[in-house]
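Student: First the structure, which I've put down as structure tokens, then a few questions once you've had a look.
Nothing in this text is a laboratory measurement; each read-out follows from the coordinates by a stated rule. None of these values were measured; they are calculated from a predicted model. Neighbour counts run over all protein chains shown; Cβ positions are idealised from the backbone, glycine included.
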Amino acid sequence: MAHAWSSVVAIVSGLGACACGSTAERARPSPQDAVERRVEEWLAELTLEEKVEQMHGSGFAPVDDLYGTAENARLGIPSFWMVDGPRGVRAGRATTFPVGIARGATWDVDLEREIGEAMGRETAAKGGNVLLAPTINVLRHPRWGRAQETYGEDPAHLGALGVAFVEGVQRHVLASAKHFAANSIENTRLSVSVELDERALREIYTPHFERVVRDANVASVMSAYNRVNGEYCAENEVLLRTLLKDGWGFDGFVESDWLAGTRSTVGSALGGLDIEMPVSNHYGFRLVAAVQAGEVPEATIDDSVRRILRRKLQYSLDTPAARDPAVVESAPHVELARRAAREGIVLLRNVGGALPLDRAAIGRLAVVGRLADVPRLGDEGSSNAQPTRAVSPLAGIVAGAGGISVESFLTSAPSSAELDSISGADAAVVVIALEPDDEGEKLPGGGGDRSSLALPAEDVALLQAVSARQPRTLVVLEAGGPVLTEPWISGTAAVLMAWYPGMEGGHALAEILFGDHAPSGRLPAVFPVQEADLPPFDATSDQVTYGLLHGQAWLDARGTEAAFPLGFGLGYSTIRYDAIGLDGSSIAADGSLTASVTVTNTGARAQAEVVQLYASVVESAIERAPVRLVGFARVELAPGEAATVEIPLRGRDLAYWDAAAQAFVLEPAGIVLSAGPSAAERPVSAAVTPR
Ligand code: BGC
């Protein structure tokens, strides 16, 4: 890395105010005007070739697992060093958190901010300065192979968690929100065109990107592999210029997804792609020639380079923090991974109080399943962060069982003698997990979209065999998104959705099973009864058309009941919704309101509640989700405790995109705001009118 840069930065550093909106610890951006002045000075000094050199990655092979871009030794301009998230830093060993969707299931923005901060710290400790996370694509359909990386199906939820993560990361390094936009299928990701009208684009597939730009000033955005309305995302002027840069005022840079993520020279430069990663297939000398031939104005190059230099200056990349291996997998980070796993586990079913298990009342516990002693961390694609050690479900249960005798049956097909033994135990925990071949980023070696939402046949057979004999069958599911719970759920006593729960997953699971903590995770995506209840998933066509509805909204619009609705999750206590109040009776499209919701823990155990706020437009004249999530807040309640939580509500989340007016507008119709523990249960409501 360059050092001449230090003297240059000294001119603009240490002057106080933060230009990037974060409460930077180390990355203290310099005041905007000083940064901009310096950017212009460099721009004036750089040759065309040097400018273009700033606009591509410097090699397919990473250095120390970091993908670099060029430095400029003459002027002392440092490189970017990019590294993958989003479940941990994918460079050597690192704290491996639960996958994105598991963290989505916590609905805990403060926790997500802390996780972002921990990942930012570990990125810097490994010499990186750009973390390629968060993934905030809408989970259009749970068969998407990368469902696990994102937070869930809902734009308001994605936006809130994305903002928190970016804020955390950017206390240390640059974050990169990906994959912009409508990245939702793996098997055809390099070719598929997602056809979207303006409303679907603005209301469903991009508002969370807008939020990480406007609310968290995300440093960079990665364009997606796929096409949107026929144009590859890395050369999609509507996405990169009309929305992102011109519309939302994004002043950072866009980098392409890797290799086939960039398809052209002139089209990409004009379309708004600032950096081709990880090598210069299309930029480099080809881009220089295109400028010389008059096909790309030099002003376009200057705009890209300005964005790149601005971020390098704002984040003082010339003076990287000392690589401090002690922060990587440090005790606080590992504890954070455990807390996230615990908060993200969702209790879907609990018949007759089968859970929690009372250590004093259980003599023998059977743990069953081929993968029960394998820590399932997620897929083996670009997000494949790995820890030094990870705790499997069985290991966590053994460690947390106290005096209970734990007997394991690590098979999908127990013999009849084994089944006798399992049925004779006081309870059986059956662990069912998907594997990287079942779902994951599509790479030559494997992964790809799920072929079905059903569990593999051998797992269904195992669940049915055990639950037929063992009345206290407790199922633990590990998967990157919703699965079908028919036809095996009826005989089971309890079901926990653990997602891919990270390096501490086994311990977190034991804490929930034995009641050391009550489960408080909530589904960030609907679980349908059958796959046909969702929109079709097409992983073979080169063109798919998405409308305004998917997930819970798709079911609601058809009056279809979910197996488990968006937001659903049981606890070990009972929560009563007492009242909802609003601090106003009307709202404007660019205005806001605060809803106050009072809830009481009426049970005998401490319990966290995720209070969810939904909106419906009464007799809407346009197509829209019958009920839409517009905010949420998490609150911890002691037994008997009542609390009033405040949930901010943005008029924008009630509005629709009026293509004729080119603006978000409110329908002249009544709006009902309702709060409750899931999309399907909203016991308190209040009315508001548009203004
Ligand atoms: C993935 C990105 C990732 C990049 C670099 C791509 O294949 O789609 O999410 O950041 O590789 O590893």
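Student: Could you work out the relative contact order of the range 450-525, using alpha carbon pairs under 8 angstrom and six or more residues apart, expressed as a whole percent?
Tutor: On the way: 65 pairs, mean separation 21.3, N = 76.
In percent, rounded to a whole number, it is 28.
Student: Treating only the Cβ of Lys, Arg, Asp and Glu as charged (+1, +1, -1, -1), what charge dipole size does the range 456-561 show about its Cα centre? Round to the nearest 20 debye. Provide the component values of the computation, followed by the final result.
Tutor: Working: 4 positive and 13 negative charges, 68 e Å.
Roughly 320 debye, rounded to the nearest 20.
Student: Considering the options ILE77, PRO62, ALA425, tell which one lies farthest towards the positive end of the dipole of the chain, charges being +1 on Lys and Arg and -1 on Asp and Glu at the Cβ, about the Cα centre.
Tutor: Value computed over the given set: ALA425.
Student: Based on the Cα coordinates of the range 279-404, what is the per residue volume of their convex hull in Å³? Before the final figure, lay out the partial values.
Tutor: Numbers: hull volume 28.9 nm³, N = 126.
In the range 279-404, the Cα convex hull volume per residue is 230 Å³.
Student: Something else now. Defining a contact as two alpha carbons under 8 Å apart and six or more residues distant in sequence, what relative contact order in percent does the chain show? Mind showing how you got there, number by number?
Tutor: Working: 1815 pairs, mean separation 100.8, N = 691.
Answer for the chain is 15 percent.
Student: Given Cβ point charges of +1 (Lys, Arg) and -1 (Asp, Glu) and nothing else, what value in debye, to the nearest 20, does the dipole of the range 575-690 about its Cα centre take? Working shown, then result.
Tutor: On the way: 8 positive and 13 negative charges, 41 e Å.
The calculation lands at about 200 debye.
Student: Going by a ≥ b ≥ c, the root eigenvalues of the Cα gyration tensor, does the range 328-521 fall in the rounded group (a/c under 1.5), the prolate group (a/b larger than b/c) or the oblate group?
Tutor: Values: a/c = 1.74, a/b = 1.19, b/c = 1.46.
Oblate, since a/c reaches 1.5 and b/c is not below a/b.
Student: Which whole-angstrom value gives the distance between the alpha carbon centres of the range 330-395 and the range 42-61?
Tutor: Comparing the Cα centres of the range 330-395 and the range 42-61, I get a distance of 47 Å.
Student: Hey, could you get me the Stokes-Einstein D for the range 248-326, Kirkwood radius over alpha-carbon pairs, 37 °C and 0.692 mPa s, rounded to whole µm² s⁻¹? Walk me through the numbers on the way to the answer.
Tutor: Values: Rh = 13.8 Å.
Using the Kirkwood radius from Cα pairs, D works out to 237 µm²/s.
Student: Over the range 491-624, what per residue volume does the convex hull of the Cα atoms give, in whole Å³? Please report the intermediate quantities before stating the final value.
Tutor: Numbers: hull volume 29.3 nm³, N = 134.
Per residue, the Cα convex hull of the range 491-624 comes to 219 Å³.
Student: Also, quick follow-up: Could you list ILE136, ILE397 in order of exposure, starting from the residue whose Cβ has the fewest other Cβ atoms within 10 Å?
Tutor: Details: ILE136 32, ILE397 27.
Taking fewest neighbouring Cβ atoms as first place, the list is ILE397, ILE136.
Student: Now for a different question. So for each of 679-686, 189-196 I average, over its residues, the number of other beta carbons within 10 Å; can you give me the resulting order with the highest mean first?
Tutor: Numbers: 679-686: 18.2, 189-196: 20.0.
Highest-to-lowest ranking by the protection proxy: 189-196, 679-686.
Student: Is the shape of the range 575-690 best called rounded, prolate or oblate, per the rule: a/c under 1.5 gives rounded, else a/b larger than b/c gives prolate, else oblate, with a ≥ b ≥ c the square roots of the Cα gyration tensor eigenvalues?
Tutor: Values: a/c = 2.71, a/b = 2.37, b/c = 1.14.
Verdict is prolate for the range 575-690.
Student: Can you tell me the relative contact order of the range 575-690? Whole percent, Cα pairs under 8 Å, sequence separation 6 or more.
Tutor: Values: 288 pairs, mean separation 38.4, N = 116.
In percent, rounded to a whole number, it is 33.
Student: Hey, could you get me the Stokes-Einstein D for the chain, Kirkwood radius over alpha-carbon pairs, 20 °C and 1.002 mPa s, rounded to whole µm² s⁻¹?
Tutor: After rounding, the answer is 83 µm²/s.
Student: Here's another thing I want to ask about it. So how strong a dipole does the chain carry about its Cα centre when Lys and Arg Cβ are +1 and Asp and Glu Cβ are -1, to the nearest 20 debye? Please report the intermediate quantities before stating the final value.
Tutor: Values: 58 positive and 88 negative charges, 182 e Å.
Dipole size: approximately 880 debye.
Student: Can you spot the aspartates and glutamates whose alpha carbon is less than 18 Å from LYS442's alpha carbon? Ignore those fewer than 8 places along the same chain.
Tutor: ASP84, GLU149, GLU186, ASP257, ASP379, GLU380, ASP538, ASP542
Student: For n ≥ 4 DSSP H runs only, could you compute -39500 (n - 2.57) per run for the chain, divide by its residues and tell me the 222 nm figure to the nearest 500? Walk me through the numbers before you get to the answer.
Tutor: Working: 16 runs with 165 residues, N = 691.
So the helix-based figure for the chain works out to -7000 deg cm²/dmol.
Student: Just want the answer: with Cβ charges of +1 for Lys and Arg and -1 for Asp and Glu, which residue in VAL391, GLY369, ALA340 is farthest toward the dipole's positive end in the range 329-394?
Tutor: Going by the charge dipole, the pick is GLY369.
Student: Per residue and in cubic angstrom, what volume does the convex hull of the Cα atoms of the range 105-182 have?
Tutor: Working: hull volume 6.3 nm³, N = 78.
Enclosed volume per residue, from the Cα hull, is 81 Å³.
Student: Show which lysines lie in cross-link reach of LYS312 when reach means a straight Cα distance below 21 angstrom and same-chain residues fewer than eight apart are skipped.
Tutor: Straight-line reach from LYS312, under 21 Å: LYS51, LYS126, LYS178, LYS245.
Student: Quick check: net charge around VAL367, other residues with Cβ under 14 Å of its Cβ, Lys/Arg +1 and Asp/Glu -1? Before the final figure, lay out the partial values.
Tutor: Numbers: positive: ARG364, ARG370, ARG472; negative: ASP373, GLU407, GLU418, ASP426, GLU478.
Every neighbour counted, the sum reads -2.
Student: With the Cα gyration tensor of the range 390-430 giving a ≥ b ≥ c as the square roots of its eigenvalues, does the rule (a/c under 1.5 for rounded; else a/b larger than b/c for prolate; else oblate) give rounded, prolate or oblate?
Tutor: It is oblate, given that a/c is not under 1.5 and a/b is not larger than b/c.
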